[in-house]
Structures are given as C-alpha cells and as structure tokens.
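What follows is a set of notes on a single structure, which appears directly below.
The values are calculated or read from the model by the stated rules, or taken from the named source; none is laboratory data. Worth saying up front: this structure is predicted, and the values here are computed from it rather than measured. Here Cβ is always computed from backbone atoms with ideal geometry, including for glycine, and neighbour counts include all displayed protein chains.
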Amino acid sequence: MNKTVIFIAFVVLAALGIVAYVVLLALGVPDAGIAGFTALFLNVLGLVTVAAGTFYQLGKQGQKLETIERNTNGRLEAKDAQITELQSLLVQHGIDPAPTSR
C-alpha cells in the first residue's frame, strides 16, 4: 500500500472526527457523551494507524520475497538437487545423512 494513500486516509478520518466533535459541541451533547465519543474516536484512530502500518509492512515483505525469487533464478533448486545427490552417496556408504543433535 502506498504511503501517500495511508496518509490521506488517516487525515480524512481525523478530519471527520474533528467535524463530528464540533457537531456534537454545537448540538449541546453532554460532556459524558463527548467524552465517550472522544475515547471511541481515539481508539479507531489507533486501530487504523496499526492496521495501516501492518499492511504497509506486509507489502514491503512481499516485495522482498519477490526480489529474492527474482535474484535466485532457479539456483536454489540446483543446490537442493546437489544436497540430495550427496545425501544419497552418504546412504550408499552406510552413513546416516540426518544431522545429529548435540
């Protein structure tokens, strides 16, 4: 997700909260109602902030994985094939290729 889109969405949400707060003040809602609205609004802003950060980091992780796949160009399959071949040679000579724990 683009950082600019996240920023614009956050600003829009904050602006809507400020407008709603002013409307509540203009309508003469009791202080307890405004306090409840303020607490709810701050919780929503916090959730949106955390969600935006999480989605952004997931996107960055996906880009890193794509870069790794693009840079390996099949070399990992060749290495896996070599490891399998060497393990079969060990088995032929009577050696267990499984690593031992210390």
Every residue in region 1-58 that is in a helix (DSSP H, G or I), surrounded by fewer than 10 Cβ atoms within 10 Å (Cβ to Cβ) and polar (S, T, N, Q), please.
T4
Checking K64 against (1) out of contact with any helix residue (DSSP H, G or I) (no Cβ under 6 Å at 6 or more places or on another chain); (2) touching a residue at least 40 places away in the same chain (Cβ under 8 Å), only one condition comes out false. Which one?
(2)
Out of region 65-88, which residues are more than 30 Å from P99 (Cα to Cα) and exposed (fewer than 10 other Cβ atoms within 10 Å of the Cβ)?
R70
Every residue from region 30-58 that is touching a helix residue (DSSP H, G or I) at 6+ places or on another chain (Cβ under 8 Å) and more than 19 Å from K3 (Cβ to Cβ):
G33, I34, F37, T38, F41, V44
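Would you check if there is a residue in region 59-73 being among the hydrophobic types (A, V, I, L, M, F, W, C) and more than 26 Å from F7 (Cα to Cα)? Break it down into steps so the answer makes sense when it comes.
Just the residues of region 59-73 that are among the hydrophobic types (A, V, I, L, M, F, W, C), to begin with: 65, 68.
With the extra rule that they be more than 26 Å from F7 (Cα to Cα), the set shrinks to 68.
Within region 59-73 (the criterion being among the hydrophobic types (A, V, I, L, M, F, W, C) and more than 26 Å from F7 (Cα to Cα)), the answer is yes, since at least one residue qualifies.
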In region 29-79, the residues that are within 30 Å of V12 (Cβ to Cβ) and of a type in the set (S, T, N, Q)
T38, N43, T49, T54, Q57, Q61, Q63
Would you check which residues across region 26-72 are more than 16 Å from L16 (Cβ to Cβ), of a type in the set (V, I, T) and modelled with pLDDT of 80 or more and list them?
V29, V50, T54, T67
